[in-house]
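The values are calculated or read from the model by the stated rules, or taken from the named source; none is laboratory data. Computed from a predicted structure; not experimentally measured. Because the Cβ atoms are built from the backbone with ideal geometry, glycine has one as well, and the counts that use them run over all protein chains shown. What goes into the accessible areas is simple: the full protein's heavy atoms, side chains included, and nothing from ligands, DNA or RNA. Shrake-Rupley method; radii C 1.70, N 1.55, O 1.52, S 1.80 Å.
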Amino acid sequence: MGNNLVKNTRVVLWAALALLLLANYTTWMQDYGPRLPPAGTPAAQGAAAQRPATPANDLGSRIPEAPAAKSGGAAGTAGGEAAAPSAPGALGGVVPPATPAPAAAPLVHVCTDVLDVDISTQGGTLRRVDLPAYPRVKGEATRVRLENEDSPGTLYVLQSGLTGPQGAPYPTHLASYSSPVEYQVHNGGSGPWQARPYAQILRNDPRTKTSMFDVESYAFHGPAIYDGTRYRKLDTTSTQDTHLSLEVRDGWVAALQHHFVSAIVPPRGAPYNFTLGVSGDEYLLSATGPEETVAPGATARFGQVLYTGPKLQRQLEATAHELWRVADYGHLWFLAWPLFWLLDKVHALTGNWGVAIILVTFLLKLGFYPLSEASGRSMAKMKTLQPRIKNLQETYAGDKEKLGRAMMELYQREKINPV
């Protein structure tokens with residue numbers, strides 16, 4: 001028996017050593033192993049060229065469907081050259097354009113301390129968004145990149161425009177503009193002019209396999225909406241979600257990933273239609289506003305709030321109602337959110353996250369001290385009652401019902417809560 005025990009112990013030790021070696025190797029490969037070249041570099045473009053081509057689709061050219069043109073109206077002029085009229089389409093309530101604008105358009109480069117952005121003069125689309133303050137890998141120079149067109153596999157852009165009745169040109173996300181330009185519409189015609197504002201997120205977001213060595217693999221990637229009362233993440237493989245068409249007030253749409261988010265927030269009180277179109281790994285999440293009429297000679301402004309960047313709670317709360325939910329605290333958010341709120345307040349006082357965590361832990365211990373102290377007293381009393389409990393177990397060994405009754409009477413007599 002002794003030899004068997006020794007052999008079993010050796011097997012367990014060897015197995016433990018093998019697991020440690022595997023964990024060590026995986027961690028080493030993550031820190032020092034070969035990495036994918038940063039998006040946008042020649043190496044990344046070469047690697048993308050070697051991968052199988054993504055099936056062609058026209059999600060990026062689709063425009064939210066507009067109602068039929070009303071008689072007697074006249075088209076006005078907009079702050080740029082309008083795109084060609086659209087023809088009816090089929091997927092997700094969106095339509096492809098008859099003649100798309102040129103693919104290559106001049107870019108406007110905007111760089112601040114928090115954003116490094118390329119804005120296309122075709123539709124004012126956000127084609128690249130880098131975050132200078134956030135490295136992709138800690139200690140390395142490459143920054144986090146959200147919106148981009150570096151390759152079909154990383155496609156992620158944010159589009160906006162105006163759409164309306166068929167038969168009239170509109171400044172959609174495919175129209176060409178000059179820079180600088182102010183997003184306003186002046187109706188120089190003799191009749192009223194109708195338009196519907198829209199904004200949409202186009203993204204290629206392939207599913208990733210979960211790994212216990214990669215925390216980010218467990219984070220949700222994909223579209224999400226808030227319909228004014230309820231927040232929910234959409235499943236791009238679900239028939240119900242891929243045919244989403246929902247009228248919403250005071251809501252928003254967003255594209256989520258670990259730590260970062262892009263969101264479209266329509267004006268409060270306006271009825272917006274949220275739709276989702278899916279083609280392979282690509283999805284198009286759109287928010288289309290109500291039709292507005294611009295009187296002859298009048299000027300109107302259209303717009304939505306766009307947010308792209310890290311999931312910073314204060315900024316999210318200031319941007320839109322309930323937008324903080326994209327931080328995804330999980331099913332126990334009602335416990336996690338107050339804890340984060342407390343941690344954030346303490347950090348604002350100390351300026352150090354380590355000190356803030358220690359202080360919050362101390363405060364939690366202090367808050368639960370009465371419960372811990374009562375539990376400690378009960379455990380101490382239970383320890384002194386062990387001989388009497390053992391005696392009862394021996395006395396009523398054959399009758400569990402009487403044993404349970406006797407135990408409860410003992411607890412009541414001694415004023416002990418066994419829980």
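Things to note:
- Some residue of the range 215-231 being within 17 Å of the chain's Cα centre (by Cα), within 19 Å of Phe274 (Cα to Cα) and hydroxyl-bearing (Ser, Thr, Tyr): yes
- Neighbours by Cβ (under 6 Å, 6+ apart or cross-chain): first from the range 108-125, closer than 10 Å to Ala175 by Cβ; second among the aromatic types (Phe, Trp, Tyr): Thr121/Tyr177
- Only listed residue being under 17 Å from Val265 (Cα atoms), of a type in the set (Lys, Arg) and touching a strand residue (DSSP E or B) at 6+ places or on another chain (Cβ under 7 Å), chosen from Arg203, Arg145, Arg196: Arg196
For every residue, the table says whether it meets (1) among the β-branched types (Val, Ile, Thr); (2) open to solvent by less than 10 Å² (accessible area, probe 1.4 Å); (3) in a strand (DSSP E or B).
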position: Val129; (1), (2), (3): yes, yes, yes
position: Lys138; (1), (2), (3): no, no, no
position: Gly161; (1), (2), (3): no, yes, yes
position: Gln166; (1), (2), (3): no, no, no
position: Val185; (1), (2), (3): yes, yes, yes
position: Ala195; (1), (2), (3): no, yes, yes
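- Qualifying residue in the range 181-193 (condition: closer than 30 Å to Ala300 by Cα, within 18 Å of the chain's Cα centre (by Cα) and charged (D, E, K, R)): no
- For beta carbons closer than 8 Å, sequence separation of 6+ or different chains, a first residue in the range 299-318 that is free of Cβ contacts under 8 Å to residues at least 60 places away in the same chain and farther than 30 Å from Thr163 by Cβ and a second that is assigned to a strand (DSSP E or B) and of a type in the set (A, V, I, L, M), the qualifying pairs are Lys311/Val261.
- Sole exception among (1) modelled with pLDDT of 90 or more; (2) within 21 Å of Ile264 (Cα to Cα) for Ala133, by number: (2)
- Where helices (runs of 4 or more DSSP H) fall wholly inside the range 300-419, the ranges with 3 or more residues that are in contact with a helix residue (DSSP H, G or I) (Cβ under 7 Å, 6 or more places away or on another chain) are 313-319, 333-350, 353-367, 386-395, 400-414.
- Any hit, the range 258-271, residues being outside any strand (DSSP E or B), open to solvent by less than 20 Å² (accessible area, probe 1.4 Å) and more than 30 Å from Thr293 (Cα to Cα): no
- Residues that are more than 21 Å from Ala105 (Cβ to Cβ) and over 29 Å from the mean Cα position of the chain (by Cα) were ranked within the range 150-180; the one that is modelled with the lowest pLDDT is Gly167.
- When we screen Thr242, Thr275 for residues that are among the hydroxyl-bearing types (Ser, Thr, Tyr) and over 20 Å from Val305 (Cα atoms), the only hit is Thr242.
- Residue, surrounded by the fewest Cβ atoms within 10 Å (Cβ to Cβ), within the range 278-299, restricted to residues that are part of a loop (DSSP other than H, G, I, E, B) and under 22 Å from the mean Cα position of the chain (by Cα): Gly280
- The number of residues in the range 339-350 that are farther than 13 Å from Ala327 by Cβ and open to solvent by 60 Å² or more (accessible area, probe 1.4 Å) comes to 3.
- Residue count for the range 207-246 satisfying the condition of being surrounded by 14 or more Cβ atoms within 10 Å (Cβ to Cβ), of a type outside the set (A, V, I, L, M, F, W, C), touching a Gly at 6+ places or on another chain (Cβ under 7 Å) and assigned to a strand (DSSP E or B): 2.
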